[in-house]
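Have a look at the structure below before the remarks.
No value in this document is a laboratory result; all are computed from the given coordinates. Small disclaimer: the values here were computed from a predicted structure and weren't measured. Every residue, glycine as well, gets a Cβ built from its backbone with ideal geometry; the counts of neighbours run over all protein chains shown.
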Amino acid sequence: MKEECLICKAPLEYLETDVLMECEICHKKENSKTRCANGHYVCNDCHMRGLDSIAGLCLQETSSNPIAIIEKMMVLPFCHMHGPEHHVMVGSALLTAYKNAGGDIDLSRCLIEMMNRGKSVPGGACGFWGACGAGISSGMFISIISKSTPLENEPFALSHKMTAKSLGQIGEIGGPRCCKRDSFLAILAAIDFVKDHFGIEMEKTEAVCRFSAKNKQCIGKRCPFFKANH
């Protein structure tokens, strides 16, 4: 089934300005530009319900391949075809692979930080901010492992360069949105970036999308991960 509205599967529509919405699940009221054609709205928190389970997956993971790690996350019940959960998942997969490849980090602490930062990037950022949350997540990953703050020098620069590299790759493909495609692009960009700047070599393999049948806006052969291209 093509995944759109989590309530009724109707297509989503994006408004030009914020409108006060009530979440169909928790009944919280907040401003948003996103609803389905039947008027249903699901807030970011409810859309990401169950996301905390990735911490256990990551802490038990032994792979240094972030593509393989995020693919495991993508088939868990909390993960939808599109949604802000990917803004946490990209950075979490990278942190886990980085640790397993020899990176010197406290993975448990870093995953908590990634969760807090990634959840602050709302769904639809790709279209409304001009910055896909998956790309931003890769920059958050670099910021965390380099201990960047607004007052740092090199870590500050590196985290911005990482985000820029990921967004550049995402922009080259163009729209419409696909959280799976953009997550793969951000991760592959980060693997090369970490090798060049941190000397840690995470395993790098090709991603082959298994989700196109669920994506109403799939761009098909224009996507580098589309099955027919492999």
Amide H proximity to Leu76 below 5 Å, modelled H, separation 5+ or other chain, gives none
In deg cm²/dmol, rounded to the nearest 500, the helical mean residue ellipticity at 222 nm of the chain, built from -39500 (n - 2.57) for every DSSP H run of length 4 or more, is -14000 deg cm²/dmol
For Lys227, counting only aspartates and glutamates whose alpha-carbon sits under 18 Å away and dropping same-chain residues fewer than eight positions off, the answer is Glu71, Asp182, Glu206
For Ser146, the net charge from surrounding residues (Cβ-Cβ under 10 Å; K, R +1; D, E -1) works out to -1
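Eight or more residues apart or on different chains, and alpha-carbon atoms under 19 Å: count the Lys pairs in the range 1-122 matching that.
Values: Lys9/Lys33; Lys28/Lys119; Lys29/Lys119; Lys33/Lys119; Lys72/Lys99.
Going through the range 1-122 pair by pair, I get 5.
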Nearest 10, in degrees from 0 to 90: the angle of helix 107-118 to the longest Cα principal axis of the chain is 40
Helix 86-100: inclination vs the chain longest Cα principal axis, degrees, rounded to 10, gives 20
Under the rule rounded for a/c under 1.5, else prolate if a/b exceeds b/c, else oblate, using alpha carbon gyration tensor axes a ≥ b ≥ c, the chain is classed as prolate
By Cβ neighbour count within 10 Å, fewest first, Leu107, Leu51 rank Leu107, Leu51
Given unit charges at Cβ for Lys, Arg (+) and Asp, Glu (-), the dipole magnitude of the chain about its Cα centre in debye, nearest 20, is 640
Taking Lys and Arg as +1 and Asp and Glu as -1, residues besides Ile173 with C-beta under 15 Å from its C-beta add up to +4
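Test of understanding: ordering Ile170, Ile54 by Cβ neighbours within 10 Å, fewest first, what list do you get? Walk me through the numbers before you get to the answer.
Numbers: Ile170 23, Ile54 26.
Final ranking by Cβ density, sparse to dense: Ile170, Ile54.
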Low-density loop chymotrypsin sites (Phe, Trp or Tyr not before Pro), the range 125-181, at most 14 other Cβ within 10 Å, DSSP non-H/G/I/E/B, are Trp129
Scoring only Lys, Arg, Asp and Glu (+1, +1, -1, -1) among other residues with Cβ under 12 Å from the Cβ of Lys227 yields +1
Ordered by fewest other Cβ atoms within 10 Å, a rough proxy for footprinting exposure, Phe184, Phe211, Phe226 read Phe226, Phe211, Phe184
Here the gain from full extension of Ala164 to Ile105, 0.36 nm per residue of separation minus their alpha-carbon distance, amounts to 18.9 nm
Nearest 10, in degrees from 0 to 90: the angle of helix 179-198 to the longest Cα principal axis of the chain is 20
Taking 0.36 nm per residue of separation between Lys216 and Leu76 and subtracting their Cα-Cα distance, the length gained on full extension comes to 48.4 nm
Expected unfolding gain across Thr149-Lys195 under the 0.36 nm per residue rule, minus the alpha-carbon gap, is 14.4 nm
